[in-house]
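See structure below.
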Amino acid sequence: MNPQQKSTLALILLLIASVAGNWLSLPVFYGIDFLFGSIAVLLVFQLYGMRWGVLAAAFASLQTYWMWNHPYGGIIFFVEAVLVGFMCRRRRANLVLVDGIYWLLLGMPMCWIFYRMALDIPVIPTTTIALKQGINGVFNALVASLILTHVPLPTWVGRSHRRYQLSMQQLLFNLLVAFVFFPSLTVMAIYNWQAVYQIEADIRDNLSFTASELVSSLQQRQQLRVDSLTELGRMAQMVNMQPNVLLQQQTQFLQRIFTSLQTVAIQDRSDRTIAISTDAQSPTDVNTIFSELTCSSTTFGDRQAWISDGYRNSQNEPSLGLIVPILSPAGDAPIGCIVSEVNLNIFSQVFPSHTNAGYLRLLLLDRRDHILATTEATGILQQYEYPPLNQRVPLDDENGEVFRWMPDDPNLPALTRWQRSVYTLQQTLEPDLPWQLVIDIAALPYITQLQSQYIQNLTILILVAVLAFVLAGWVSRRLVAPLSQLLQVTTNLPDKLLEQPILSWPSDGAVREIDWLIGNFQVMAATLYQKFQEIQQARETLEQRVQERTDELSQANEALQRSYSFLKAQQEAAIDGILAVDENRAVTSYNLRFCQMWNIPIDAINAIPLSAKDVTDLLNGVLANLSNPKNFSDRIEELSLNPRVISQELLYLRDGRIVEYYSAPVFSADEQFYGRIWYFRDITEPYLAAEELKQSYKSLSDIHYALEQAAIVSTTDAEGKIIYVNDKFCEIGHYSQTELLKRNQFELLDSTYHPPEFYEEIWQTLQSGRIWRGETRHRTPNGIYWLNTTIVPFINEQNQPFQYLSIAFDISERKRAEEDLKAFAAKLEQSNRELQDFAYVASHDLQEPLRKIQAFSDRLVTKYNSQLNEQAQDYLSRIHNAASRMQTLIQDLLSFSRVTTKAQPYACVNLEQIAQEVLNDLEMRLEQTQGQVTIHPLPTIEADPVQIRQLWQNLISNALKFHRVGVPPAIEISAEPLPENTDFPQSYQIYVQDNGIGFDPKYTDRIFNIFQRLHGRNHYEGTGVGLAICRKIVERHGGTITATSQPDQGTTFIVTLPVKQHHS
């Protein structure tokens, strides 16, 4: 892992630790958590600077907002991190000292203001929190400082450890504070936790003692009531459960003695009242009093008495029923019972004696958890609501279930929530009484006492920390003072000894080793002073010898300077760019031409001493101008490794220039390498001239070669005698070069075809210096041939021809083709005349018999139709129809032939206008078929107007004829230009699209053949000539026609026509 990756990983871990340190808090005191996120935040500030430190502080502060649901703690921590981090990073201050001052002067006051005024927390908890935050902050700062100085974290993340070194005084200060602060904090934390455990123990003891007293008191009072009623029952047994005055008096007396008994009555098992303590006389009155208490419905089992749940009696008073059985003399079964109502207010005589200052609440619950008695003013016979289970913390207790209820309010600090908590004991009175006792005791007085103890302990800890700061500062300064004085004295010790031999050394310190160190420095200073005196004497002698040597060097330098001036002048006068370097690749000299050639600013170079210039720096200027700098850079490195090599090459510049360089080493007489000298010369113009000449020569050679291969070439002198012929000339004339040289070219090749005047004209044209071009016929021993000849005269300085160059091409084949073409044209003209004769015959002689057949068949139908049977009439109808079809075929065939024979001259034709005229002609057909034709803009082209009209007529009629049954035909005509190129002239592609019956694409070529049909005559009329005429018209105009279709999906005819026609 490289240092950058280590640094990034450490930063990420510290950012995570800044958040996790606050989330994983440690309860040093109960309800008071110590947060450790600021340790990582301060480390980020020190190691990575303000930007990352502020980010870490923001993360840690946001975490406290999520934990406490208020931003005030986060604000305090953020301000601490930013201020302390800034002071320690910028001013190299002691982290622990700066953080302690922050919390004492700013942090704890801010904490008190926010928690007391903004969150409305009482004074004691607020004070506790403020003191805790200050101690927590100093603790974290001390830990962060110890990590920076005693853990190799800075080195691991790639930071210099020297940056985080402390002075001896700061280091001693931090260690002394740590030795005092950490043990004090540990002792107080242990002590406070013991106090917390003791408080909970006291609360449990108080609850247990109160419950024991109350249970005993309630049981005694209940037992006394039951015993008294049991005695009254024995009296009723003695009188055999019969009404008796004495029994009545005794009942009333018992009610007066026990004021808690509101009504007492004696009943038998049939609910008959024998005696009652009230004035009720009738059974109705008795039933009204004991509406819910009857003897007959009560089951006792092995119990002495039966107690009902709480209710309100007929006077709306809270009561409960108490029924005691009256046993038979044998004691085996009840013969009646004593029914009584107990006033619940009797419990108010028991509870007040056990409450104190409102911190204790007592409740007595029946079987249905209705409140029978309470220390509060209201709530009798109301349903008791148990605290939510998620807010109850159970505690062990031998007398019943004890738990602590704490309010579930995340906005309150833990200590405040504990302060508002209640400890509850629930104890049942079974089996003696069907009741449950609930005792609530508030934690407030106990927590208030604990908080006071917290404040006392935290204040002591703050005072201990302040005292530790003061003592540590004094002790560290006292111990380090001699070292500081020694540092001041020994700084620049040689200079001080030269100024004054006697120095003011520090006095003896409190540490023996420091005294020894001071003594060693004093001995070293005395020794240095003695050596300085010896050096001073040697320097004076040396200065005299240096002066003598300087005079000698000055004279030599003057001579050397004169030689250098001459050499420099030679360099500046040179047309080459010159650069000289020594064996260390340092530049020793260069001229102005070098800088101008490579666009290197001379002022920028002169500002740097020659000895400081590296050849690489100047050659980088060269590389910046090259089109391929890598090759030259590699060559420089190769020459550096091989100093004896001489190099000479061409350099190609980006601006088109070409520079030739020459590099040679410089050696001394004893073969010692002194350096290398470079010469650069701009050879762009001569190089390009040579290349151009070379290219011209190659072009001429290529042209000569091409002529030799393709043309018949000869050269004659001023008199027409041949001085050069190529192989083609010899080949076509069947001569050798020996036979041709020095002979007159025209006399040699004269075939007697051309008259003498023809050759005279050629000679006069050439004599005038003009070029002659023409076709010539020549004779050879093997026959005649034709040449397309060009003769060029070469003119001398006197403007007279001195040579003639003849270049000719054999056109014998073309001449023969022209003769054949003339013969073919004659035959074609004869064929056209014959075709015209056939057309005349077809239009007159062939149609005359058909007209007679049709005429006589019409007469037979008119005159003798009634005399013919049905079969004869059918035959006659067939003859007439066949003659009509034959006449149609002849007319269509004539139309097909007229495309060629009756063609009209080409003219400018507006395709859109002619299409519209055709639609007017087909108006009746459009109405019959309910067809619709849409014509988009169409171009104007050069064409035969009559044939274009016939083309539209056939295509549109075809679309109307072949429409689908029940679907009106829809035809759309459009055009688009085709891209123009050299092979094809500008053309338009015309589309005729319909929604008709369509056809199988495999019949695309067949439909354009004459007399070809895809459907029978019974379905669609016609002879199959219309599309053939269309193709013939289009081909005559130099175009093409095709179609695309699918069955029942319509057809699109695509016609391509050129804009201009070629005229022969």
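Counting only residues that are under 31 Å from the mean Cα position of the chain (by Cα) and among the polar types (S, T, N, Q), how many does region 40-63 have? Walk me through how you get there before you give the answer.
At the first step, the residues of region 40-63 found to be under 31 Å from the mean Cα position of the chain (by Cα) are 40-41, 44-45, 47-63.
Imposing the further condition that a residue be among the polar types (S, T, N, Q) reduces the set to 61, 63.
Total satisfying the criteria: 2.
I'd like to verify a number: residues in region 53-85 that are touching a Phe, Trp or Tyr at 6+ places or on another chain (Cβ under 9 Å) and outside any helix (DSSP H, G or I), how many?
So the answer is 2.
Going by the conditions given, is A56 assigned by TED's automatic domain parsing to the domain that holds F34, of a type in the set (G, A, S), surrounded by 24 or more Cβ atoms within 10 Å (Cβ to Cβ) and within 17 Å of L461 (Cβ to Cβ)?
Working: assigned by TED's automatic domain parsing to the domain that holds F34: yes; of a type in the set (G, A, S): yes; surrounded by 24 or more Cβ atoms within 10 Å (Cβ to Cβ): yes; within 17 Å of L461 (Cβ to Cβ): no.
It is false that A56 is assigned by TED's automatic domain parsing to the domain that holds F34, of a type in the set (G, A, S), surrounded by 24 or more Cβ atoms within 10 Å (Cβ to Cβ) and within 17 Å of L461 (Cβ to Cβ).
Could you say which residue among Y662, Y687 is surrounded by 15 or more Cβ atoms within 10 Å (Cβ to Cβ) and either at pLDDT below 90 or not in a helix (DSSP H, G or I) (or both)? It would help to see each step written out before you state the result.
Values: Y662 fails: surrounded by 15 or more Cβ atoms within 10 Å (Cβ to Cβ).
The unique qualifying residue is Y687.
Which members of region 781-813 meet the condition of being of a type in the set (D, E, K, R) and over 21 Å from E708 (Cα atoms)?
Correct list: E797 only.
Quick check, is E637 at pLDDT 90 or above and among the charged types (D, E, K, R)? Give the steps one after another, and end with the answer.
Numbers: at pLDDT 90 or above: no; among the charged types (D, E, K, R): yes.
So E637 fails the test.
Please go through region 254-273 and pick out each residue that is of a type in the set (K, R) and either under 60 Å from the mean Cα position of the chain (by Cα) or more than 14 Å from G233 (Cβ to Cβ) (or both).
Looking only at region 254-273, we keep the residues that are of a type in the set (K, R), and these are 256, 269, 272.
Selection gives R256, R272.
Going by the conditions given, is S668 out of contact with any Leu (no Cβ under 9 Å at 6 or more places or on another chain) and assigned by TED's automatic domain parsing to the domain that holds Q800? Before the answer, list the steps.
Working: out of contact with any Leu (no Cβ under 9 Å at 6 or more places or on another chain): yes; assigned by TED's automatic domain parsing to the domain that holds Q800: no.
So S668 does not fit the description; no.
Those residues that are surrounded by 12 or more Cβ atoms within 10 Å (Cβ to Cβ) and either at positive phi or out of contact with any helix residue (DSSP H, G or I) (no Cβ under 7 Å at 6 or more places or on another chain) (or both), I need them from region 629-648; list them, please. Before the answer, list the steps.
Of all residues in region 629-648, those surrounded by 12 or more Cβ atoms within 10 Å (Cβ to Cβ) come to 629, 631-633, 635-636, 639-640, 643, 645, 647.
The answer is N631, R635, L639, S640, P643.
A quick yes/no check of all residues on (1) β-branched (V, I, T); (2) in the same structural domain as Y785 (by TED's automatic domain parsing):
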site: S663; (1), (2): no, no
site: W678; (1), (2): no, no
site: E685; (1), (2): no, no
site: I703; (1), (2): yes, no
site: A706; (1), (2): no, no
site: Y735; (1), (2): no, yes
site: E739; (1), (2): no, yes
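Filter region 43-89 down to the residues that are among the aromatic types (F, W, Y) and under 21 Å from A118 (Cβ atoms) and list them by number. Quick ask: steps written out before the conclusion?
Here is the first cut: in region 43-89, the ones among the aromatic types (F, W, Y) are 45, 48, 52, 59, 65-66, 68, 72, 77-78, 86.
Matches in region 43-89: Y65, W66, W68, Y72, F77, F78.
What pairs come up if the first residue lies in region 200-223 and is under 28 Å from V342 (Cα atoms), the second is in a helix (DSSP H, G or I) and at pLDDT below 85, and their beta carbons are under 7 Å apart, counting only those six or more places apart or on different chains?
T210/H354; E213/H354; L214/H354
Got a sec? Which of P969, P937, P979 is buried (at least 19 other Cβ atoms within 10 Å of the Cβ) and under 59 Å from the mean Cα position of the chain (by Cα)?
Details: P937 fails: buried (at least 19 other Cβ atoms within 10 Å of the Cβ); P979 fails: buried (at least 19 other Cβ atoms within 10 Å of the Cβ).
That would be P969, the only listed residue that is buried (at least 19 other Cβ atoms within 10 Å of the Cβ) and under 59 Å from the mean Cα position of the chain (by Cα).
Hey, could you check region 584-617 for residues that are closer than 19 Å to I658 by Cα and within 50 Å of the chain's Cα centre (by Cα) and say which is modelled with the lowest pLDDT?
Here the residue is I600.
Just checking, how many residues over region 579-594 are part of a strand (DSSP E or B) and in contact (Cβ under 8 Å) with a residue 40 or more places away in the chain? Break it down stepwise before answering.
If we filter region 579-594 for residues that are part of a strand (DSSP E or B), which is where we start, we get 579-582, 586-590.
Imposing the further condition that a residue be in contact (Cβ under 8 Å) with a residue 40 or more places away in the chain reduces the set to 579-582, 588.
The total comes to 5.
Being hydrophobic (A, V, I, L, M, F, W, C), touching a strand residue (DSSP E or B) at 6+ places or on another chain (Cβ under 9 Å), within 26 Å of Q383 (Cα to Cα) and modelled with pLDDT of 85 or more narrows it down to one residue among L254, L320; which is it? Don't jump to the end; show me each part of the working.
Working: L254 fails: within 26 Å of Q383 (Cα to Cα).
Matching residue, one of L254, L320: L320.
The values are calculated or read from the model by the stated rules, or taken from the named source; none is laboratory data. Here the structure is a predicted model, which means the values were calculated and not measured. Methodologically, a virtual Cβ is constructed for each residue, glycine included, from the backbone with ideal geometry; neighbour enumeration extends over all protein chains shown.
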